[in-house]
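S.K.: Could you have a look at this structure, given as structure tokens, before my questions?
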Amino acid sequence: MAAEQQRGIRVTQAELLCKDACGYYGNPAWQGFCSKCWRERTRKAEADRQETGPHNDAGSPLTFSKFEEKKNMEKGRKVNTMRRLFWGGPSPPKRPESSEGQVATLKAYQSIEPGDFTSFLKLLRNPSSQRLQSRCTAFLNTMEAYHGLPVQKQSDLVQDFYQNIAVHFSSLSEIQVSQMMEHMEKLIMTRLHKWVFCHDSCDDEVKDLALQRRIRSLNWVTPHMLRVPFPDESAEVVSDPFLPAITAIIEMDAKRAPQDKLTCVCKCSQNVFQALSTSNSEPANADDYLSGLIYVVLKANPPRLHSNMQYVIRFGLPHSLMAGESGYYFTNLCCAVAFIEKLDGPALNLSPVEFEGYMQGRRAPSKRGSERQKMARETQDQLEDLKGRQEKVDQGINALKEQLQHWVQSVKAQIDEVTSQSALTQEEIKAQSGFLQSRSVSTLTQADDVKDQSLLLLDGQESNNNTCLTEC
């Protein structure tokens, strides 16, 4: 049960560090040592071999190994000749420079922003940087003239150039020296890329083809087999969260400077962490990252991956590979490639028979679990969608109820207002009708009185007329 819950390909921090316990990152290409310790061991072994070489028996026949040794000694003398061309003697005298000009030049270098390679080139063309420019030009011309040297010798020459040229910026801070050396590396290696990349003296091209075939034969490996904390989905899905990381690792072959290639590795690794964080509820750890990086390399199958890694190892700045973010990411990339080259059944929780069946195409990863997970996710999404719609409908119903209540209340208030106004109007009408009725009654009464008076007057006048007639 614990094995099923284990996440990622487990690699401890101690396994990433140098075997000499110097504190820097080691590398499988250097047999677990960092670049500094590996070069010291290589040079020491070469010096011991040169010391013991001349003491061989002079009467012995000239074998092929002695012929190779003599050839290497001649190449070594060529390398020493080149170093004398660059730096003069073992301790070349320094040209006297005015302190004011040197201070002004260093201030100008300090003002360059990180990554501003164009400003660095403009400053390098100034008369104050003529000595530095001359040294770079002489080194480039000589390296191009001796491009037939073995690639390891060329690597030693470039690393020696880095060490000697760093003295020019020794008065700057450590961070500024690193920035200037990154610009210097880009200047030198952009010119030398076509001469030293995938050199004829090494078997990088053969190893590139072998690694590509190996990765192509492992195209059946799924994220679940690598214990990547990511849902099992088809690699052809356009919305694959690892797609930006795959694109970044493929872009590495298009870059010429080792620092630019390392930038692609860093970008790829950051995208791996981003994909892991978006596809898993728990934060991604180092084991998850290595598993995700292995998955990205298997799906991307980057062109000339071995040559690009060896190019960075041979001609990159030591501080970029031995420490820091770029060193950690590049070391994990080397571990991922080494894991792929040695991948077997137990590493994927498969039996040897199952592993061989997958490798020979007789078996295919089951998609039943992924289909079920996909259906479950789709059902869950539909349920969440329906739940959201139901909430919106409920909110609409409640809003409609509130609007209806407000409308009923407003209508009722209007009816009450109209009813009260009609009652007042009826009372006024009744009052006015009563007043008019009373006035009409009084008017009729007055008319009756006037009629009675007029009758009395008529009676009185008639009696008067009768009296007059009698008297007459």
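The values are calculated or read from the model by the stated rules, or taken from the named source; none is laboratory data. Worth saying up front: this structure is predicted, and the values here are computed from it rather than measured. Here Cβ is always computed from backbone atoms with ideal geometry, including for glycine, and neighbour counts include all displayed protein chains. Areas reflect the complete protein model, heavy atoms only, side chains present, ligands, DNA and RNA absent. Shrake-Rupley method; radii C 1.70, N 1.55, O 1.52, S 1.80 Å.
S.K.: I'm told residue 256 meets every condition in (1) open to solvent by 30 Å² or more (accessible area, probe 1.4 Å); (2) at pLDDT 90 or above; (3) in a helix (DSSP H, G or I) except one. Can you identify the failing condition by its number?
M.R.: That leaves (3) as the condition not met.
S.K.: Let me ask you something else. Determine the pairs where a residue that is open to solvent by 100 Å² or more (accessible area, probe 1.4 Å), located within the stretch 451-469, has a partner that is part of a helix (DSSP H, G or I) and not small (Gly, Ala, Ser) with Cβ atoms under 7 Å apart, the partner being 6 or more residues away or on another chain.
M.R.: none
S.K.: Restricting to the stretch 183-220, name every residue that is out of contact with any helix residue (DSSP H, G or I) (no Cβ under 8 Å at 6 or more places or on another chain) and of a type in the set (Val, Ile, Thr).
M.R.: Result: 190, 206.
S.K.: Please enumerate the residues belonging to the stretch 277-287 that are in a helix (DSSP H, G or I) and more than 16 Å from the chain's Cα centre (by Cα).
M.R.: Passing the criteria: 286, 287.
S.K.: Here is a list: 121, 132. Which entry is loosely packed, with under 15 Cβ neighbours inside 10 Å, under 20 Å from residue 170 (Cα atoms), touching a residue at least 12 places away in the same chain (Cβ under 8 Å) and among the aliphatic types (A, V, I, L, M)?
M.R.: Checking each option against the conditions leaves just 121.
S.K.: Is it the case, given these coordinates, that residue 272 is surrounded by 22 or more Cβ atoms within 10 Å (Cβ to Cβ), free of Cβ contacts under 8 Å to residues at least 40 places away in the same chain and either outside any loop (DSSP other than H, G, I, E, B) or not polar (S, T, N, Q) (or both)?
M.R.: In short, yes.
S.K.: Which one of these is in contact with a Cys (Cβ under 9 Å, 6 or more places away or on another chain) and either in contact (Cβ under 8 Å) with a residue 40 or more places away in the chain or of a type in the set (D, E, K, R) (or both): 228, 151, 221, 196?
M.R.: 151
S.K.: For the list (1) open to solvent by less than 10 Å² (accessible area, probe 1.4 Å); (2) over 17 Å from residue 261 (Cα atoms); (3) in contact (Cβ under 8 Å) with a residue 24 or more places away in the chain, I need the number of the one condition that residue 350 fails.
M.R.: All conditions are met except number (1).
S.K.: Hey, does the stretch 419-436 have a residue that's open to solvent by less than 70 Å² (accessible area, probe 1.4 Å), at pLDDT below 85 and of a type in the set (A, V, I, L, M)?
M.R.: yes
S.K.: Where in the stretch 149-223 are the helices (runs of 4 or more DSSP H), entirely inside, with at least 1 residues that are in contact with a Pro (Cβ under 6 Å, 6 or more places away or on another chain)?
M.R.: 174-196
S.K.: Pull up the stretch 152-161, narrow it to residues that are open to solvent by 10 Å² or more (accessible area, probe 1.4 Å) and not acidic (Asp, Glu), then point me to the one that is farthest from residue 204 (Cα to Cα).
M.R.: Across the stretch 152-161, the extreme among qualifying residues is 153.
S.K.: Determine whether residue 351 is modelled with pLDDT of 85 or more, within 30 Å of residue 222 (Cβ to Cβ) and within 60 Å of the chain's Cα centre (by Cα).
M.R.: Answer is yes for this residue.
S.K.: Okay, moving on. In the stretch 314-326, which residue that is modelled with pLDDT of 90 or more and open to solvent by less than 10 Å² (accessible area, probe 1.4 Å) is farthest from residue 199 (Cα to Cα)?
M.R.: Out of the qualifying residues, it is 317.
S.K.: Give just the number: which of (1) in contact with a Pro (Cβ under 9 Å, 6 or more places away or on another chain); (2) free of Cβ contacts under 8 Å to residues at least 60 places away in the same chain; (3) open to solvent by 20 Å² or more (accessible area, probe 1.4 Å) does residue 242 not satisfy?
M.R.: All conditions pass for residue 242, except number (3).
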